[in-house]
Every structure is written in structure tokens, then in C-alpha cells.
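Contents: one structure, followed by commentary.
Laboratory data are not the source of any read-out in this text; all were calculated from the coordinates shown. These numbers come from a predicted model, not from an experiment.
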Amino acid sequence: MQEVVATVIAWLLLLLGLSYVAQAGHWAELARDALRYPHHYFPMVLMILVLGLTVVTLHNIWVADWPLVITVVGWIMVLKSMVYLLLPQVMTVFASWSEASFALWIRIGGLLLTTLGAVLVYRITDGTWI
């Protein structure tokens with residue numbers, strides 16, 4: 001089950017990262033909308049929370065190797081979801097950002113996610129996972 005969870009997260013990071021790079025403007029628009037109407041995004045945040053809890057329940061591996069990345073991503077999903085659900089006003093820190101700033105940081109994040117996802121997918125599919 002751990003390898004299934006790792007594979008899903010690896011592909012999620014890769015594809016989400018590619019989407020961030022290719023569609024940064026749309027993601028910036030989504031972020032701006034989330035600032036205006038945080039309650040509209042509670043269902044999506046709940047899904048992220050469930051996915052994060054699934055990862056930390058089924059893949060809570062704390063070793064100094066690649067599986068640790070999946071565990072950390074799971075915990076980030078849980079913590080980010082909890083902050084958004086309990087303290088949505090924290091997001092107002094980003095309210096002063098311009099659309100261009102949002103898009104730039106989303107594209108940078110997308111490049112990082114794409115790289116990390118590609119490395120993880122490669123490691124999992126070539127059998128050198130652990």
C-alpha cells in the first residue's frame with residue numbers, strides 16, 4: 001500500500017506542477033478568488049485534508065531516503081488544510097500581491113513540483129525507490 005500512496009503522490013506532484021507552469025494565470029485567479037471567498041474552497045480543502053491524512057496514515061515513513069519526501073508532502077497537506085480550515089484569515093497576507101506576483105510564484109512552485117514529481121516518478125518506476 002505504501003508504494004501505491006507514493007506513486008499517487010509522485011504523479012500528483014508532477015501533473016500539478018506542470019499545470020502550475022502552463023496555467024499560472026488561472027491558478028493565480030483561483031488564489032485571488034480564494035482570498036475573496038475562502039468558504040467556497042472548504043470542500044476542496046477537505047479533500048486535500050483526506051488525501052494528506054491517507055498519506056500520513058499509510059506512508060508515515062521517517063527514513064533518510066526518498067520515501068521521506070512523500071511523508072513530508074502528506075504532513076504539509078494536513079497542516080496546510082488545518083490552517084485554512086481553522087484560520088482562513090491567514091491567507092490575507094497574500095491580498096496585496098498583484099496577479100503577476102501570484103503567477104510568478106505559482107510558476108516557480110510549479111517548476112519545483114514538476115522536478116520533484118519527475119524524480120519521484122522515475123525512482124518509483126525504475127525500481128530504485130528504496
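Brief remarks follow.
- Taking the longest Cα principal axis of the chain as reference, the axis of helix 2-22 is set at about 40 degrees.
- Relative contact order for the chain, counting Cα pairs under 8 Å that sit 6 or more residues apart, in percent: 49 percent
- One decimal place: the segment LEU53-THR115 gains 19.9 nm when fully extended, by the rule 0.36 nm per residue minus the C-alpha distance.
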